[in-house]
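Visitor: Structure in C-alpha cells, see below.
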Amino acid sequence: MKVLSFGRAAAVLTVGMLALTGCGGNASSSSTSTAAGSSPAGSTAAAATDYSSLSGTITAGGSSAQANAQAAWAAGFKAQASKVTINYDKSQGSGGGVTNFTAGSYDFAGSDAYLTADQAAKAQELCGPGGAINLPVYLDGVAVIFNLPGVDKLQLSAETIAKIFSQQIKTWDDAAIKADNPGVTLPSTAITTVTRSDGSGTTQNFTNYLHQVAPAVWTDPVSNKWPVAGSSAQQGGSGVVNTVKAGEGTIGYADHSAIGDLKAAAIKAGDAYVSFSADAVTKAVEAAVTPAANAKEGDLAQDIDYTKLTSANAYPIPLISYDILCTTFKDPAQAKLTAAYIGYIASEQGQKIAAKNAGSAPLPAELAAKIQESLKKVS
C-alpha cells in the first residue's frame, strides 16, 4: 500500500512553500480554542485555527484524486498540530477506501462518489443509527488526457468521447474526431484507451457523464468499475497517467490535479469547447449541482446534472470528492481529532492550500459553512 505519512519536518517545509495568509485508532485531544464567530467551544468541528493541543493518529485512505490535496492538507495541519500523525493511503481508490472504512479500518474514507444505499447500510452497522455522512471537500475535474505526437490541442464532444471509450472509434483520423477538430492534421495511429482497473469514483463520475450526455452512444451502466472490455486497465489514477504518458496514441481519464505535463482535451459544452480551469469547475458546480435526494440531516451528498453544462464558462466534467466519516465514533477523542482535521480541510486556509498544490477549485462559501455545521454533529 502507498501510504502518505507526514512527519514534522516535511510539514514545516511544505507549509513554508505554501505561504498561505472508523472510527478506529487511538488518539487523545483536548478542546481546541475557538475564534469569534466560529464554532462554539466544545463543538467537534474545530473551526478555529489553534490545533496545537491535539494529538493522536488519523488513519484514512481512498480517492487517488484527493492524493495531492491530502498531502498538502496533512502537512499544513501537522504544522499547527505537531503531535498529530495523518496516514492517508492513496493506493486504494475510492472503492477500496469505502470498503476499508465500512470495515472499521479507517477514520474516514476519501471517495469521488458518495455512498450508495448498500454502502450506507454497511456504514450504519459500523457507525450506529446515525450512520455516516458524505462531506464534499474537494472540487476538481475529470480530464481526458492524450498522448499523440504532433497534436498539441484536441477538442472532443461527449459523443466522440463515448465512441472512443466504447471501442467504436479505433484510429485518431476517424471522421468524428476530425469533425471536432477542423483544420487539425490527425494521424492514422491506432487508439489505445487507458482506464482504471480498480473501483474508482473517477470512473463513476466519467461513466455518469457519458451516460447523461451521450446516452445514444454510451449504453453501458454508470459504475465505479470500468464496464467495457478492450482497454488497457491500470491500478489507480497514477497508473492511468503513467500509461498514457508512456504510450503513443493513448487516451485516458484522470483527476486533473494528477496529470502533470500531459495534454488534456477541451470538452464540448453547447457550441463551445471548454478547457479545464478551477474557475470553470466552480461555474459548473454552481450551474449543475443539487443536494442528493433522500440525504439525511448533515449529509451533503451532491448530484450533478451534466446535461445543464452547456455554457462556455463551465467545465463539462466536474468532479466532487468526499470525505466520509461516522457521525458517532467508538472513541470520542478520535471523533474530535478526525472532525478537527476535516474542518481544517474545509476551511478557507485548507481550500487555498488545495488550490495551490492540487489546482482544485475552492468550495463555495455556503457549502463550506454547511460542512462545518455537519461536523458539529460528530461525536
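Read-outs throughout are calculated quantities, based only on the coordinates presented, and are distinct from any laboratory measurement. The model shown is predicted, which means the values in this text are computed figures rather than measured ones. A quick note on method: Cβ atoms are made from the backbone with ideal geometry, for glycine too, and the neighbour counts reach across all protein chains shown.
Visitor: If packing is taken as the average number of other Cβ atoms within 10 Å across a peptide's residues, how do 299-312, 123-136, 220-233 rank, most packed first? Please report the intermediate quantities before stating the final value.
Guide: Working: 299-312: 17.6, 123-136: 20.5, 220-233: 15.4.
Ranked from most to least packed, the peptides come out as 123-136, 299-312, 220-233.
Visitor: How much net charge surrounds Gly252 when only the other residues with a Cβ under 12 Å from the Cβ of Gly252 are counted, with Lys and Arg +1 and Asp and Glu -1?
Guide: Counting the neighbours of Gly252, the net charge comes to +2.
Visitor: From the helices alone, meaning DSSP H stretches of at least four residues, give me the mean residue ellipticity at 222 nm for the chain, per-run term -39500 (n - 2.57), in deg cm²/dmol to the nearest 500.
Guide: -10500 deg cm²/dmol
Visitor: I would also like to ask the following. Could you tell me the center-to-center distance, by alpha carbons, between segment 83-136 and segment 293-340 in angstrom?
Guide: Each part's Cα centre sits 12 Å from the other's.
Visitor: Sticking with this structure for a sec: Name the lysines eligible as straight-distance cross-link partners of Lys376: C-alpha to C-alpha under 16 Å, and not fewer than 8 places from it in the same chain.
Guide: Cα-Cα hits under 16 Å: Lys296, Lys336.
Visitor: While we're looking at this one, here's another question. Among the DSSP beta bridges whose two residues both lie in the chain, what percent are antiparallel, rounded to the nearest 5?
Guide: 65 percent
Visitor: Could you tell me the calculated FRET efficiency between Lys170 and Ala216, based on Cβ-Cβ distance and R0 = 25 angstrom, to the nearest 0.05?
Guide: On the way: r = 19 Å, r/R0 = 0.78.
The formula returns an efficiency of 0.80 here.
Visitor: Now for a separate question. Once you list every other residue whose beta carbon is under 15 Å from the beta carbon of Ser188, what net charge do they have if Lys and Arg are +1 and Asp and Glu are -1?
Guide: That sum, taken over residues with Cβ under 15 Å, equals -1.
Visitor: Under the √(5λ) rule applied to the eigenvalues of the Cα gyration tensor, what semi-axes describe the equivalent ellipsoid of the chain? Give them in Å, descending.
Guide: 37, 20, 19
Visitor: With labels modelled as points extended 7 Å from the Cα through the Cβ direction, what inter-label distance (nm, one decimal) is found for Thr57 paired with Ala179?
Guide: Label-label distance for Thr57 and Ala179, simple model: 5.7 nm.
Visitor: Further, regarding this structure: Subtracting the Cα-Cα distance from 0.36 nm times the residue separation, let me have the gained length for Ala365 to Ala103 in nm, one decimal.
Guide: Between Ala365 and Ala103, full extension yields 91.0 nm more.
Visitor: Throw me the Rg/Rh for segment 296-379, computed over C-alpha atoms with Kirkwood Rh, two decimals.
Guide: 1.03
Visitor: Looking at segment 142-282, what % of its DSSP beta bridges pair antiparallel, to the nearest 5?
Guide: Details: 12 of 20 bridges.
Among the beta bridges of segment 142-282, antiparallel pairing accounts for roughly 60 percent.
Visitor: Return the Rg/Rh ratio of segment 182-269 with Cα-based radii and a Kirkwood Rh.
Guide: Rg divided by Rh gives 0.96.
Visitor: Continuing with the same structure: Tell me, Ser111, Ser82 in order of fewest to most beta-carbon neighbours within 10 Å? Show your work: numbers first, answer last.
Guide: Details: Ser111 31, Ser82 15.
In increasing order of surrounding Cβ atoms, one gets Ser82, Ser111.
Visitor: If you add up the charges near Ser200, with Lys and Arg at +1 and Asp and Glu at -1, over every other residue whose beta carbon is less than 9 angstrom from its beta carbon, what do you get?
Guide: Charge balance in the 9 Å sphere: 0.
Visitor: Decide, for segment 194-234, between rounded, prolate and oblate: order the square roots of the alpha carbon gyration tensor eigenvalues as a ≥ b ≥ c, take rounded if a/c falls under 1.5, and otherwise choose prolate if a/b is larger than b/c, else oblate.
Guide: Oblate, since a/c reaches 1.5 and b/c is not below a/b.
Visitor: Turning to a different aspect of this structure: Any number yet on Rg/Rh for segment 49-182, C-alpha, Kirkwood?
Guide: Numbers: Rg = 20.6 Å, Rh = 18.0 Å.
Ratio of gyration radius to Kirkwood radius: 1.14.
Visitor: Take each of the peptides 322-334, 345-357, 194-206, average the number of other beta-carbon atoms within 10 Å over its residues, and list them starting from the highest.
Guide: The densest-packed peptide leads the list: 194-206, 322-334, 345-357.
Visitor: First check a/c for segment 62-113, with a ≥ b ≥ c the square roots of the eigenvalues of its C-alpha gyration tensor; if it is under 1.5, answer rounded, and if not, answer prolate when a/b is larger than b/c or oblate otherwise. Numbers along the way, then the final one.
Guide: Details: a/c = 3.10, a/b = 1.62, b/c = 1.91.
Since a/c reaches 1.5 but b/c is at least a/b, the shape of segment 62-113 is classed as oblate.
Visitor: Nothing charged except the Cβ atoms of Lys and Arg (+1) and of Asp and Glu (-1): what's the magnitude of the dipole of the chain about its Cα centre? Round to the nearest 20 debye. If you can, show how the numbers build up before the last one.
Guide: Details: 25 positive and 29 negative charges, 136 e Å.
Computed about the Cα centre, the dipole is about 660 debye.
Visitor: Please work out how much length the chain gains when fully extended from Ala246 to Lys225, using 0.36 nm per residue of separation minus the C-alpha to C-alpha distance, in nm with one decimal.
Guide: Extra length available between Ala246 and Lys225 comes to 5.2 nm.
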